[in-house]
Each structure stands twice: as C-alpha cells, then as structure tokens.
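Peer 1: Take this structure, written in structure tokens, and hold onto it; I'll ask about it next.
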Amino acid sequence: MYQHLFDDDRYAGSAQGLAKHLISEINDQGEFRYYRLMMGVNDLWDVAEFQQDEYKTFVFGDADQMVRLMYTEEDALYPDYVGSFYYRYGDHPYPDGARAEGLLAAYQLALEVGDEARIERYRDACDKVAWASLRLCNTPESMSSAANPERAIGGIRFKLTRQWFRVETIQHVVSFYLKLVAMDSP
C-alpha cells in the first residue's frame, strides 16, 4: 500500500521478505504454526482432560518437522550451521528461540509420556539448538562495526545477520535456556 500511495519501492524487498516468512509459517491445513500451543499442551498435560492423543500428535508433529528442518553435523553447509533451522535446505542458518521453546516443550512431553525414541531425538536437537542460539549473542568481534559496541556486547540479536534487539527474540532465547537448565538441575 505504501509503495502504491507514494510511488516509492524502498520497502519492497522487506515486504517481500515478510510475505515469504508469513507464507512459510502456514501449515498444510492452511493454519499458522503455533509453537506456544506446543508449550501450552505440555503445560496442561497433567490435567486429565488435556491428555488426548490429538494434542500429543500435534506437538510431536510440529517438533518432528522442526527437527527435519534443522541443520545437523551430517548435512550442514558449514559447521556453525548445526542446530539452526531453515525453510529450504541451503538457506542461511536461522537460530530461533521460539522454535527452541516449542522443541523443548515437545521434549518435556515425550518425557512425560515415555516416548523413548522422541526423548533421545528431541534432547539431541535441544542440545544443538542451545549451541546454535549462543551464536545470537553479541561478541566484541560481531560488534566491531557498531558505533558503540560496548553497549551491545552480550546482547541477543534478532538474527545472525541483524544487529537489532527485539524483546520477543531475547525473551524466547532466555526462556529456552532457563527451562533447559532447570531440567538439568537436581
């Protein structure tokens, strides 16, 4: 609409990127993926009314898809891609805190229901995602071109190639790590 009204295409690339992302988030049934519904199902699994196969199938289906669309040691284009997600193989790596939280919820649900195969697969994937997400933390080297790098060192950026800070991005990554550490604590 902006481009049409102002005859200005400076945001066309960003708009196309947003459209591509939104389209990629639609599943085969025409609905958006909801990684938080995964956490919700896991959180409510102790309530008898929520212990339904269709809920468990939903969580495991999304988690299985995430694991399929994750670079591994065997197929990563570069070693530092391991644990990052992609939409199409060959894409730039995409570490993602929201997906990490969803994957961790699936791991917790697999533990709850005793699904041994998924427990191992999801735990391995969570470990890989944890390492990949560390690459979102700003280091002195990654901030060398910033005007005031000392202000951003240690922060969690939006993407590997973007130095922006978003509260949502930070929250998802931090929540993933807090839950993962809590699971490993006695």
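The values are calculated or read from the model by the stated rules, or taken from the named source; none is laboratory data. Please read all numbers here as calculations on a predicted model, not as lab measurements. Every residue, glycine among them, receives a Cβ derived from its backbone with ideal geometry; neighbour counts consider all protein chains shown.
Peer 1: So, in the range 148-168, how many residues would count as being assigned to a helix (DSSP H, G or I) and in contact with a helix residue (DSSP H, G or I) (Cβ under 6 Å, 6 or more places away or on another chain)?
Peer 2: Of the residues in that region, 0 qualify.
Peer 1: Within the bounds of the range 97-105, is there any residue that is over 24 Å from D53 (Cα atoms), modelled with pLDDT of 90 or more, surrounded by 13 or more Cβ atoms within 10 Å (Cβ to Cβ) and in contact with a Leu (Cβ under 7 Å, 6 or more places away or on another chain)?
Peer 2: Within the range 97-105, none of the residues are over 24 Å from D53 (Cα atoms), modelled with pLDDT of 90 or more, surrounded by 13 or more Cβ atoms within 10 Å (Cβ to Cβ) and in contact with a Leu (Cβ under 7 Å, 6 or more places away or on another chain).
Peer 1: Right, something else. Can L109 be described as in contact with a Cys (Cβ under 8 Å, 6 or more places away or on another chain), in a helix (DSSP H, G or I), at negative phi and among the aliphatic types (A, V, I, L, M)?
Peer 2: no
Peer 1: Ok, one more. Out of V113, V129, V174, I need the residue that is more than 14 Å from the chain's Cα centre (by Cα) and either more than 23 Å from Y71 (Cα to Cα) or not aromatic (F, W, Y) (or both). Which one?
Peer 2: V113
Peer 1: To continue, here is another question. Suppose we filter G154, G83 for residues that are modelled with pLDDT of 90 or more and at positive phi; which single one remains?
Peer 2: After ruling out the rest, the residue left standing is G83.
Peer 1: I'm trying to understand the selection: among the residues of the range 139-160, which are closer than 16 Å to Y177 by Cβ and buried (at least 18 other Cβ atoms within 10 Å of the Cβ)?
Peer 2: Across the range 139-160, the qualifying residues are I156, R157.
Peer 1: Right, something else. Enumerate the pairs (first residue in the range 127-145 and farther than 18 Å from D96 by Cα; second residue anywhere and assigned to a helix (DSSP H, G or I)) with beta-carbon separation below 7 Å, excluding pairs fewer than 6 apart on the same chain, so at least 6 apart or on different chains.
Peer 2: Final answer for the pair search is P140/P149; M143/P149.
Peer 1: Looking at the range 52-73 only, could you name the residues that are touching a Phe, Trp or Tyr at 6+ places or on another chain (Cβ under 7 Å) and either at pLDDT below 90 or not assigned by TED's automatic domain parsing to the domain that holds Q108 (or both)?
Peer 2: None - no residue of the range 52-73 is touching a Phe, Trp or Tyr at 6+ places or on another chain (Cβ under 7 Å) and either at pLDDT below 90 or not assigned by TED's automatic domain parsing to the domain that holds Q108 (or both), so the list stays empty.
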